[in-house]
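In what follows, a single structure is set out as structure tokens and then discussed.
The values are calculated or read from the model by the stated rules, or taken from the named source; none is laboratory data. Predicted model, so just to flag it, every value in this text is computed and none were measured. Cβ placement follows ideal geometry from the backbone for every residue including glycine, while neighbour counts extend to all protein chains displayed.
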Amino acid sequence: MASRTPITFSGLDDAIPADWAKPEKRMNRRCPTRVVDLINVIRASVDGHQQIPKPGAARGTVRMFCTRQVPGQDFSLEEQIAKQMADVTGDVQWATGMQGRKTLILEHKMAGRRMGFEGVFTPLYAVEHLNTGLLDGTLPILKLFFEGVAPIVEAARADDFTLMEAVRLRSPLLDPKYLESAGTNQLEVLESVGKATQLLCEMLTDNDPLIGEVAQVLQRTGLLELPARFVEAMALGATADDAPEISDREALEIHAYRIVLGCSYSEMEAFAGYANGLSPFGTHQGVKGLEFPRVMVILNDEEAGGFLFSYEKLLGVTPASPTDVKNQRAGKDDSLSRTRRLLYVTCSRAEESLAIVIYSAQPEIAKASVIEAGWLKADEIVVL
């Protein structure tokens, strides 16, 4: 059969004549009325699309907390805000820790800081050709720990049969072809696998060794197959040095792995939980279509460190750039429009209550801008 050019619908809105009727989703069946009011105002300056809450929708609660960004700031403030939300809403789940709410952050590295896997994530993310595999979990080093080590350790908490089945599915030493090649030494191979499995599980039970130490056990016993470049990094040893200023992709990748070798295994474990969607955190870009009872949206340009989005510009704290102005005049997308759409999506995830936390260089200006734009009322905004 001859191949066909795939049909795409990009730019379809522009192709539809202005006098044609366009379908609109008018009824919002997810959000309480206060959140619907907020997202309608956020969207009002972009188009005329407005939603209405479902019949009998609860009022719900929206609060904004503005605070100044402090270098090296921890996240105890966000816990305090969650407790304030519990008091305001009467919903004690807000005060039960991170698991009691969904926190939406702009970049994955922001989750890394909060969940304790920044040491693993940051050096890998800095290597451009690793980005895709890092974010979708297909990077070989991640598969080694996420799909190899972690399931074995988890199975050890069940029973011996479950443990050995987990090892059988993952270890090259138990591959039928390898066992066949072992001939009369098969029993010795099975015994070595048992000892290697026990050593690995004991190392990771109530202990937090370095990732390099875990990798050495895997390499020495042959229990799991290690990625080639990771093995090269192990031969060079762990390092905390900055990446060399070179363009050699392989050398940069190996250097990143050397940094990871010096991190605690608990960082890899935390990253696995985040990557598997078990985390109480999510990115602004990754939650469209999802919904959560309690949502905390974190707006922090400095911590995110990106350039495609800017909440400080959207809130009037920082002026729009010449490029933004040029794109606006030309009717093109710019950082403000992208950020507005992102804020709309994140706020519209809330089923019951919403807390918006703004880390800003000028929190008072941010508050005044929000009030002037009609997003929130003065008594709904707290400057910390």
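Could you check Q69 against (1) surrounded by fewer than 17 Cβ atoms within 10 Å (Cβ to Cβ); (2) out of contact with any strand residue (DSSP E or B) (no Cβ under 6 Å at 6 or more places or on another chain); (3) at pLDDT below 95 and say which number it fails?
For Q69, the exception is condition (2).
Just need a number here: residues in the stretch 235-269 that are in contact with a helix residue (DSSP H, G or I) (Cβ under 8 Å, 6 or more places away or on another chain), in a helix (DSSP H, G or I) and surrounded by fewer than 19 Cβ atoms within 10 Å (Cβ to Cβ).
Qualifying residue count for the region: 3.
Only one residue in T122, T138, T132 is β-branched (V, I, T) and either in contact (Cβ under 8 Å) with a residue 12 or more places away in the chain or assigned to a strand (DSSP E or B) (or both), so which one is that?
T122
Given the conditions (1) under 23 Å from N28 (Cα atoms); (2) exposed (fewer than 15 other Cβ atoms within 10 Å of the Cβ), and given that I356 satisfies all but one, which numbered condition is not satisfied?
Condition (2) is where I356 drops out.
Going through the stretch 21-67 one residue at a time, which ones are basic (K, R) and either at positive phi or in contact with a His (Cβ under 8 Å, 6 or more places away or on another chain) (or both)?
Of everything in the stretch 21-67, just one residue is basic (K, R) and either at positive phi or in contact with a His (Cβ under 8 Å, 6 or more places away or on another chain) (or both), namely R43.
Condition first: surrounded by 15 or more Cβ atoms within 10 Å (Cβ to Cβ), outside any strand (DSSP E or B) and not aliphatic (A, V, I, L, M). Now tell me which residues in the stretch 40-53 satisfy that.
Selection gives N40, R43, Q50, Q51.
Does the stretch 200-208 contain at least one residue that is under 21 Å from I141 (Cβ atoms) and in contact with a strand residue (DSSP E or B) (Cβ under 9 Å, 6 or more places away or on another chain)?
Yes: one or more hits.
With the checklist (1) over 25 Å from R113 (Cα atoms); (2) exposed (fewer than 13 other Cβ atoms within 10 Å of the Cβ); (3) assigned by TED's automatic domain parsing to the domain that holds M85; (4) not hydroxyl-bearing (S, T, Y) in hand, flag the one item D324 doesn't pass.
Answer for D324: the failing condition is (2).
Could you please give the count of residues in the stretch 270-284 that are among the polar types (S, T, N, Q) and either out of contact with any helix residue (DSSP H, G or I) (no Cβ under 7 Å at 6 or more places or on another chain) or surrounded by 19 or more Cβ atoms within 10 Å (Cβ to Cβ) (or both)?
2
State the number of residues belonging to the stretch 96-109 that are touching a strand residue (DSSP E or B) at 6+ places or on another chain (Cβ under 7 Å) and assigned to a helix (DSSP H, G or I).
Of the residues in the stretch 96-109, 2 are touching a strand residue (DSSP E or B) at 6+ places or on another chain (Cβ under 7 Å) and assigned to a helix (DSSP H, G or I).
Quick one: in the stretch 74-95, which of the residues that are in a loop (DSSP other than H, G, I, E, B) and without any contact (Cβ under 8 Å) to a residue 60 or more places away in the chain is farthest from R114 (Cα to Cα)?
Filtering the stretch 74-95 for residues that are in a loop (DSSP other than H, G, I, E, B) and without any contact (Cβ under 8 Å) to a residue 60 or more places away in the chain, the one farthest from R114 (Cα to Cα) comes out as G90.
(1) in the same structural domain as G331 (by TED's automatic domain parsing); (2) assigned to a helix (DSSP H, G or I); (3) surrounded by 19 or more Cβ atoms within 10 Å (Cβ to Cβ): which one isn't true of M64, the others all being true?
Condition (2) is where M64 drops out.
Among the helices (runs of 4 or more DSSP H) contained in the stretch 166-232, which hold 2 or more residues that are touching a residue at least 40 places away in the same chain (Cβ under 8 Å) and surrounded by 14 or more Cβ atoms within 10 Å (Cβ to Cβ)?
Result: 186-203, 211-221.
Looking only at strands (runs of 3 or more DSSP E) that lie completely in the stretch 273-384, which have at least 2 residues being modelled with pLDDT of 90 or more?
So the answer is 292-299, 350-360, 381-383.
Restricting attention to the stretch 259-284, report how many residues are free of Cβ contacts under 8 Å to residues at least 60 places away in the same chain and either of a type in the set (S, T, N, Q) or touching a Phe, Trp or Tyr at 6+ places or on another chain (Cβ under 9 Å) (or both).
1
What residue, among those in the stretch 327-353 that are buried (at least 16 other Cβ atoms within 10 Å of the Cβ) and of a type in the set (D, E), is nearest to the chain's Cα centre (by Cα)?
Here the residue is E351.
Give just the number: which of (1) without any contact (Cβ under 8 Å) to a residue 12 or more places away in the chain; (2) part of a loop (DSSP other than H, G, I, E, B) does D37 not satisfy?
Unmet for D37, out of (1) without any contact (Cβ under 8 Å) to a residue 12 or more places away in the chain; (2) part of a loop (DSSP other than H, G, I, E, B): (2).
Please pick out the residue among M268, M296 that is farther than 30 Å from T61 by Cβ and not β-branched (V, I, T).
M268
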